[in-house]
Amino acid sequence: MRRFYQPKENTTLEKIFPWLGSILLLPVMIYFFLNIGNFLLIDYLNLLIHEGGHGIFKIFGKFIYALGGTLMQIIIPSMFIVFYFVKKQKIGAQIFLVWLGQNLFNISVYAADARAHKLPLLGGNKVYHDWTYLLNTVGLIEYDKLIGNVFVFIGVMSFVVAFMVPWLVKVKKIKVDMELDL
């Protein structure tokens, strides 16, 4: 794929250019981190994906059904991350790593609420809290806050990886010098 703009060789701009995505996404990452627990515009999309995950994973039994929403919130951005890493398209990988991190923050709030039940659930009192069921089933309900913090940590690590993509993904420059003697 041909780039829209290619800086001249051995210039300061050439050294900064690969990091442009990181620089532009840093304020977004900071905003998402500072707003953990707040319902953001992107959370409408995350909620749709979460609820869709329950429908997709329903056929695998109650435990996977309950886990399905969270799984889908992780699977969807991860598919795009893999795609963009394989294609060595840095900005795409970075955007979806940031989305994954934000989803993990969203999951952290839900998991940490397993005992408190302060979050409003779709369906009101007629439905059960996914993470209450999951953590009760595996005997870890008393660790809901710790599990929430683990998701925050993984989300932050996703942001760190997103920021470091230019260092992790090296696009080989192929210089072709052809002389044709006709």
What's the longest piece of the chain with no exposed GluC sites (Glu not before Pro), counting a site as exposed if DSSP puts it in a loop and it has at most 16 other beta carbons within 10 Å?
-> 10-178
Sorted from fewest to most neighbouring beta carbons within 10 Å, what does the list Thr132, Thr12 look like?
-> Thr12, Thr132
Among Val82, Val169, Val127, Val152, what is the fewest-to-most ranking by other Cβ atoms within 10 Å?
-> Val127, Val82, Val169, Val152
Taking Cα atoms, how many degrees apart are the long axis of helix 90-112 and the longest axis of the chain, rounded to 10 and kept between 0 and 90?
-> 10
Rounded to the nearest 20 debye, dipole of the chain from Cβ charges on Lys, Arg, Asp, Glu | 200
Given Ile81, Ile147, Phe39, which one lies farthest toward the positive end of the charge dipole of the chain, if we put +1 on the Cβ of every Lys and Arg and -1 on the Cβ of every Asp and Glu?
-> Ile81
Quick one: Debye curve from the alpha-carbon atoms of the chain only, equal weights, vacuum; give me log10 I(q)/I(0) at q = 0.18 Å⁻¹ to two decimals.
-> -1.17
With runs of 4+ DSSP H residues as the only contributors, calculate the mean residue ellipticity of the chain at 222 nm using -39,500 (n - 2.57) per run, divided by the residue total and rounded to the nearest 500.
-> -21500 deg cm²/dmol
Among Gly55, Gly68, Gly101: highest mean-square fluctuation, GNM of the chain, C-alpha pairs under 10 Å = Gly55
Violating pairs (Cα-Cα greater than 19 angstrom) within the set Lys58/Lys145; Lys118/Lys145; Lys58/Lys118; Lys88/Lys170 = Lys58/Lys145; Lys58/Lys118
Burial ordering of Trp99, Trp19, fewest other beta-carbon atoms within 10 Å first | Trp19, Trp99
Going by the alpha-carbon gyration tensor, a ≥ b ≥ c the square roots of its eigenvalues, is segment 41-91 rounded (a/c under 1.5) or, if a/c is not under 1.5, prolate (a/b greater than b/c) versus oblate?
-> oblate
Mind giving me the FRET efficiency for Val138 and Trp19? R0 is 45 Å, r the Cβ-Cβ distance, nearest 0.05 is fine.
-> 0.60
If one takes the longest principal axis of the Cα atoms in the chain, at what angle in degrees, from 0 to 90 and to the nearest 10, does the Cα axis of helix 62-86 lie?
-> 10
Return the distance in nm (one decimal) between the two label points of a simple spin-label model at Ile30 and Leu122, each offset 7 Å from Cα along Cα→Cβ.
-> 3.4
Against the longest alpha carbon principal axis of the chain, how many degrees, from 0 to 90 and to the nearest 10, is the axis of helix 144-168 turned?
-> 10
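Rule-based calculations on the coordinates, nothing more; no lab input. Bear in mind that the values here come from a model prediction, so they are computed numbers and not experimental data. For neighbour counting, all protein chains shown are included, and Cβ atoms are generated from backbone atoms with ideal geometry for every residue, glycine included.
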